[in-house]
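See below for the structure under consideration.
The values are calculated or read from the model by the stated rules, or taken from the named source; none is laboratory data. This is a predicted model, so every value here is computed, not measured. Here the Cβ positions follow ideal geometry from the backbone for every residue, glycine too, while neighbour counts run over all protein chains shown.
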Amino acid sequence: MKLQLQHLRKQYGSKTAVDDVSVNLTPGVYGLLGANGAGKTTLMRMICGVLKPTSGSIRLNGKTIQTLGERYYTHLGYMPQDFGFYPDFTAREFMLYMAAVKGMNKKAAKARTEELLELVNLHDVAGRKIRSYSGGMKQRLGIAQAELNDPDILILDEPTAGLDPKERVRFRNIISDFAKEKIVILSTHIVSDVSYIADTILMMKQGKILLQGPMETVTESMQGKVWELVAAEQDAEKYSRNLRVVSLHHEGSQVRLRIVEDEAPAPDAHNVEPSLEDLFLYHFSEDMQKEGSENDEISG
Amino acid sequence: MKSLVKFEFLKILRKKSTLIVMAASLLITAVFFGLPILQFQIYNQDGVLRGTEGIAYEKEQYAEISVPLTNEYVTDTIREVQELFADPDNIGYDGNEQFLIDDAYWKGIAPREDLLGLIAKNYAAPNVSVGYNALPDLDVSNGTDFYQARQEKIETILNDSSKGLTEKEKEYWQNMNSQVEEPFQYGYFGGWEVIISAFELLMFAVLAICIVIAPVFSGEYQSGTDAVILSGKYGKTKLTTAKILAALLFGILAFTLHILIAFALPLTAFGIDGWNLPLQINGTTVPYPLTFLEGTLINLGVIYLVLIAMTALTLFLSARMKSPYQVLIVVMPVLFIPMFLSPNGTSGLYNLLVFLTPYQSLKPNFGSYLSYQFGPVVLDAFTMRTVLYVVLALILLPLARTGFKKHQVS
């Protein structure tokens with residue numbers, strides 16, 4: 001199974017949402033990281049065939065989406081970001097409806113629906129209208145529908161957005177269960193989610209793939225750029241304003257800071273082992289400042 | 001495909017807004033078609049009879065006059081009225097025209113006033129409104145040919161220059177008229193009269209159905225479900241067809257429910273009497289050789305086609321617009337602006353087009369001699385509307401399908 005994105009580009013007027021993206025994907029979990037507006041959702045929509053690229057092509061095992069037609073979609077499971085459900089359907093009806101849209105036969109659809117509802121822990125409430133579901137329950141139902149046809153390519157766009165920490169852990173585990181022998185592309189701006197389950201990181205910025213590599217080595221480029229230092233409170237505030245501060249820990253009258261910078265922020269700062277979060281902050285600190293409140297989630 | 005249609009149908013049906021809109025629309029229909037029953041009143045010498053009591057009384061009166069309108073019968077009837085007018089004691093005068101009073105009216109006229117009006121109008125000039133009191137002016141000393149008079153009146157209508165009919169059109173209408181059976185069988189047709197005169201009120205039902213199906217495609221875009229269904233195997237193929245079929249199925253079933261109410265109320269109260277009587281007993285110059293039932297069914301067929309075409313228009317817009325509200329902003333004027341467009345005749349492009357608008361197409365216009373000529377081909381209003389709305393549906397439904405198929409999630 002090989003999914004090739006070749007020179008993918010999507011232009012909206014003068015704005016380029018996705019700019020010349022070329023990636024070869026084989027089975028594994030890909031964490032697609034980027035700030036809001038980086039082009040992640042646009043890229044995923046193009047992969048899912050619901051948005052036409054301005055140029056470039058998507059090939060599955062060497063054949064383009066256009067050549068494969070309906071057959072391409074049988075390989076696909078997609079959970080879009082913030083997608084609405086049909087509030088007047090029960091979860092079971094919704095699953096059976098999606099199974100019909102995916103072309104599954106009735107018997108297989110029923111069996112798979114029950115299996116998945118059990119797996120995402122919605123079986124007991126499967127007869128309830130979706131309008132009564134919490135955000136977390138809807139997200140679980142969202143991933144269950146994406147898995148209905150046991151797809152080879154599973155695309156999850158911000159699947160953990162809006163979930164509380166407990167729900168996020170539960171969700172990550174569900175995704176890990178589904179990920180075996182599939183190409184899973186998981187888009188998020190919540191770094192901790194991908195750091196737990198992704199094998200490969202794809203980092204997007206302004207429509208381009210900024211960085212890609214295995215989870216274990218992707219942070220290597222950050223060696224020597226992550227610093228820790230202990231400073232007085234008034235100095236800590238100065239550092240926060242002027243530098244990329246990943247975390248702050250108050251220790252009595254002192255503050256322990258983790259800073260991502262090319263140069264040592266202070267003579268007594270020492271290098272520490274870089275993490276994915278450091279890498280993200282290094283590249284997206286400006287975008288994150290614009291996003292305001294979303295910063296809390298990234299550093300949390 | 002069956003499951004997809006079922007689920008799409010359920011999607012439409014389950015919405016609370018569907019139930020509210022349908023309940024309101026059914027209520028409006030019931031009120032419109034029930035009002036003539038509640039408001040019905042008929043007078044006799046003892047006073048006024050209302051509602052079902054009045055209807056029963058009127059039907060009793062009609063029993064006496066449910067006869068073939070032969071020339072002999074018409075002549076005798078006219079003479080009877082003339083004899084009543086011959087006695088000055090029977091006559092009243094309102095400063096404008098003479099009329100019969102007391103027993104002469106209540107016994108000689110009231111039980112058959114509609115019939116007398118029909119006869120009188122047959123001899124009057126087109127578009128001139130006359131009543132039984134025009135009958136004494138007729139010379140029936142040597143009898144009368146009721147049907148010859150009808151034919152002459154029709155020729156006057158066809159040759160009226162303001163109608164602007166071509167020779168081909170005149171020939172078309174003459175041919176149609178020649179198929180009208182004579183003599184006309186007269187009788188009671190109260191229920192059918194109510195239905196025929198209120199057909200255009202079904203526009204509210206058409207609107208309600210358009211409101212309900214407006215979100216079929218645009219609702220998916222609005223709620224963000226478009227991405228997930230379009231990435232399914234059948235999202236761009238069978239699902240699109242299923243959505244269209246479900247919308248049409250809903251539209252037809254919901255409209256049929258309205259029709260059942262609209263027809264059941266008057267036909268229960270007034271009875272189905274008259275179903276096999278000719279349309280000409282409600283206006284002698286009507287050219288269509290049809291009974292009330294046939295005329296009603298033909299017009300109903302046209303109305304169903306208008307409904308299907310309006311459903312197709314709604315779906316077409318729904319597939320191309322981002323929200324159901326935008327769809328309705330376009331659909332509502334299409335349905336309701338023609339209500340305020342009054343044709344000032346039956347000729348000229350403007351009038352001919354106005355008669356083809358959805359609202360005007362709900363009206364049967366049985367006696368209007370409304371025709372459309374394309375080269376050597378002449379089409380009456382029913383055929384023209386049928387062709388137009390079938391063509392519209394055949395164009396718009398595939399366009400709706402393509403619209404959803406090509407929709408870009410963004």
Practice item. Determine, yes or no, whether B:LYS16 is surrounded by fewer than 13 Cβ atoms within 10 Å (Cβ to Cβ) and either modelled with pLDDT under 90 or within 14 Å of another protein chain (Cβ to nearest Cβ) (or both). Key: yes
**Study point:** Selected residue (criterion: nearest to the other protein chains (Cβ to nearest Cβ)) from residues of region A:76-110 that are small (Gly, Ala, Ser) and in contact (Cβ under 8 Å) with a residue 24 or more places away in the chain
**Key:** A:GLY103
**Study point:** Those helices (runs of 4 or more DSSP H) lying entirely in region B:296-410 with at least 1 residues within 14 Å of chain A (Cβ to nearest Cβ) and touching a Phe, Trp or Tyr at 6+ places or on another chain (Cβ under 6 Å)
**Key:** B:381-405
Practice item. Test each condition in (1) hydroxyl-bearing (Ser, Thr, Tyr); (2) within 7 Å of another protein chain (Cβ to nearest Cβ); (3) over 24 Å from the mean Cα position of the chain (by Cα) for A:TYR73 and report the one that comes out false. Key: (3)
Practice item. Report yes if some residue within region B:352-360 is under 20 Å from B:ASN299 (Cα atoms), surrounded by 18 or more Cβ atoms within 10 Å (Cβ to Cβ), in contact with a Lys or Arg (Cβ under 8 Å, 6 or more places away or on another chain) and in contact (Cβ under 8 Å) with a residue 40 or more places away in the chain; otherwise report no. Key: no
Practice item. Grab the helices (runs of 4 or more DSSP H) fully contained in region B:33-148, keeping just those with 1 or more residues being closer than 25 Å to B:GLY367 by Cβ. Key: B:51-63, B:71-86, B:113-123
Practice item. Go through region A:136-149 and give me each residue that's of a type in the set (Gly, Ala, Ser) and within 14 Å of chain B (Cβ to nearest Cβ). Key: A:GLY142, A:ALA144, A:ALA146
Check your understanding: Within the bounds of region A:55-62, is there any residue that is touching a helix residue (DSSP H, G or I) at 6+ places or on another chain (Cβ under 7 Å), under 29 Å from A:ILE197 (Cα atoms) and in contact (Cβ under 8 Å) with a residue 24 or more places away in the chain?
Key -> yes
Revision key, fill the gap. Among strands (runs of 3 or more DSSP E) entirely inside region A:167-286, those with 1 or more residues being free of Cβ contacts under 8 Å to residues at least 12 places away in the same chain and more than 29 Å from A:MET79 (Cβ to Cβ) are A:244-251
Exercise for review: Please give the number of the condition B:ALA246 fails out of (1) under 27 Å from B:LEU335 (Cβ atoms); (2) within 14 Å of chain A (Cβ to nearest Cβ); (3) out of contact with any Asp or Glu (no Cβ under 7 Å at 6 or more places or on another chain).
Suggested key: (3)
Study note, to complete from the structure: Here the residues within region A:31-70 that are charged (D, E, K, R) and either away from chain B (no Cβ under 14 Å) or closer than 18 Å to A:LEU186 by Cβ (or both) are A:LYS40, A:ARG45, A:ARG59, A:LYS63
Check your understanding: Does A:ILE201 satisfy the criteria of being buried (at least 21 other Cβ atoms within 10 Å of the Cβ) and under 30 Å from B:TYR234 (Cβ atoms)?
Key -> no
Exercise for review: Kindly provide the set of residues from region B:216-227 that are closer than 18 Å to B:ALA246 by Cβ and either surrounded by 22 or more Cβ atoms within 10 Å (Cβ to Cβ) or facing another protein chain (nearest Cβ under 7 Å) (or both), ordered by number.
Suggested key: B:VAL216, B:PHE217, B:SER218, B:GLU220, B:TYR221, B:SER223, B:THR225, B:ASP226
Review point. If you go through region B:232-241 one residue at a time, do you hit one that is of a type outside the set (A, V, I, L, M), at negative phi and more than 14 Å from every other protein chain (Cβ to nearest Cβ)?
Key: no
Practice item. Among the numbered conditions (1) assigned by TED's automatic domain parsing to the domain that holds A:THR16; (2) farther than 15 Å from A:LEU33 by Cα; (3) at pLDDT 75 or above, tell me where A:LEU163 comes up short. Key: (3)
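For region B:272-295, which residues satisfy the criterion of being among the β-branched types (Val, Ile, Thr), in contact (Cβ under 8 Å) with a residue 40 or more places away in the chain and either touching a strand residue (DSSP E or B) at 6+ places or on another chain (Cβ under 9 Å) or part of a helix (DSSP H, G or I) (or both)?
Matches in region B:272-295: B:ILE281, B:VAL286.
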Study note, to complete from the structure: Only unsatisfied item for A:ARG131, checking (1) outside any helix (DSSP H, G or I); (2) within 11 Å of chain B (Cβ to nearest Cβ), is (1)
**Study point:** Options B:ALA269, B:ALA264; residue that is assigned by TED's automatic domain parsing to the domain that holds B:THR18 and surrounded by fewer than 17 Cβ atoms within 10 Å (Cβ to Cβ)
**Key:** B:ALA264
Review point. Just checking, how many residues over region A:4-47 are surrounded by fewer than 20 Cβ atoms within 10 Å (Cβ to Cβ) and either modelled with pLDDT under 85 or assigned to a strand (DSSP E or B) (or both)?
Key: 17
Check your understanding: How many of the residues in region B:68-86 are aliphatic (A, V, I, L, M) and at pLDDT 90 or above?
Key -> 3
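Inspect region B:29-51 for any residue being within 14 Å of chain A (Cβ to nearest Cβ) and in contact (Cβ under 8 Å) with a residue 40 or more places away in the chain and give the result as yes or no.
Within region B:29-51 (the criterion being within 14 Å of chain A (Cβ to nearest Cβ) and in contact (Cβ under 8 Å) with a residue 40 or more places away in the chain), the answer is no, since none of the residues qualifies.
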Study note, to complete from the structure: Of the residues in region B:182-218, those that are closer than 30 Å to B:VAL67 by Cα, at pLDDT 90 or above and not small (Gly, Ala, Ser) come to B:PRO183, B:PHE184, B:GLN185, B:TYR186, B:TYR188, B:PHE189, B:TRP192, B:GLU193, B:VAL194, B:ILE195, B:ILE196, B:PHE199
**Study point:** Positions within region B:138-180 being free of Cβ contacts under 8 Å to residues at least 60 places away in the same chain, closer than 19 Å to B:GLY345 by Cα and touching a helix residue (DSSP H, G or I) at 6+ places or on another chain (Cβ under 7 Å), in sequence order
**Key:** B:LYS170
Review point. How many residues are part of a helix (DSSP H, G or I) and closer than 23 Å to B:ILE229 by Cα when one looks only at region B:1-32?
Key: 16
